[in-house]
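Right, one structure below, let's go through it.
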Amino acid sequence: MAAASDPVELGAPWGPARPEPPPTRFHPVHGANIRVDPSGTRATRVESFAHGVCFSREPLAPGQVFLVEIEEKELGWCGHLRLGLTALDPASLAAVPEFSLPDLVSLGHTWVFAITRHHNRVPREGRPEAEALAPSCPPALLVEPHLCIEQFRIPRDRLVGRSRPGLYSHLLDQLYELNMLPPTARRSRLGVLFCPRPDGTADMHIVINGEDMGPSARGLPAAQPLYAVVDVFASTKSVRLVQCRPCRPCAA
């Protein structure tokens, strides 16, 4: 699996270029029902519907996308994958909570959301409420090779889910690209990242198959290490990590 090969560059006022972030892996600390494969890139819930909380092994760099693809689903459960960020060090937890929502969030310094198409955008103070509406899928989604989120320009090629080769796979790929499949369908790719702001805080964004869902949370402590949180919950049984190519600053 390819890893990022170039450093993440941050233009002013975000400071000089930062060191290259390590390849994303799952943290050895995780929920009781999770099994992580030897590569650290696949997490499977082996029983029940809960105790599926996972973390990134390392804190994320600004603009670094922690991207998972849904590998397996499990019928009979109600609910889907949850995704977000935490400023809590997973190694410091006395026990991993049963649920990300509300258990982990209730510990503080954690921002997690259930994945839906129209979800949890927050407007800036003094901005109209319409800013919080989920964005429509832009016409350029199929042709624009990069996704710009605030100050970051992210290659889109690995952000979009793909079906496995076989009958009708070309039709399914078009549905992934157009974001016409449910966001929690098998092979969907879901990512989380944070974008620092000049006031020392950060915005959290969730990306579904190459489409930015907008800022899900604001005011995150950008100076603190922020770990990704993935809750392999209910009907989502297994996810694997997809290594994203490095981002670049967006043009002004």
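The values are calculated or read from the model by the stated rules, or taken from the named source; none is laboratory data. Please read all numbers here as calculations on a predicted model, not as lab measurements. FYI the Cβ positions are ideal-geometry reconstructions off the backbone, even for glycines, and counts take in every protein chain you see. Accessible surface areas use protein heavy atoms only, side chains included; no ligands, DNA or RNA. Shrake-Rupley method; radii C 1.70, N 1.55, O 1.52, S 1.80 Å.
Couple of notes before you dig in:
- Applying the condition of being open to solvent by 10 Å² or more (accessible area, probe 1.4 Å) and assigned to a strand (DSSP E or B) to segment 190-210 and asking which residue is farthest from Pro145 (Cα to Cα) yields Thr201.
- Restricting Arg248, Arg218, Arg240, Arg187 to those that are among the basic types (Lys, Arg) and either open to solvent by less than 40 Å² (accessible area, probe 1.4 Å) or touching a Cys at 6+ places or on another chain (Cβ under 8 Å) (or both) reduces the list to Arg187.
- Considering each residue of segment 70-78 in turn, none proves to be of a type in the set (Gly, Ala, Ser), part of a loop (DSSP other than H, G, I, E, B) and at pLDDT 95 or above.
- Taking residues in segment 158-182 that are over 19 Å from Leu241 (Cα atoms) and in a loop (DSSP other than H, G, I, E, B), and partners anywhere that are open to solvent by 40 Å² or more (accessible area, probe 1.4 Å) and among the aliphatic types (A, V, I, L, M), the pairs with Cβ atoms closer than 8 Å and at least 6 places apart or on different chains are Leu178/Leu142; Leu181/Leu172; Leu181/Leu175.
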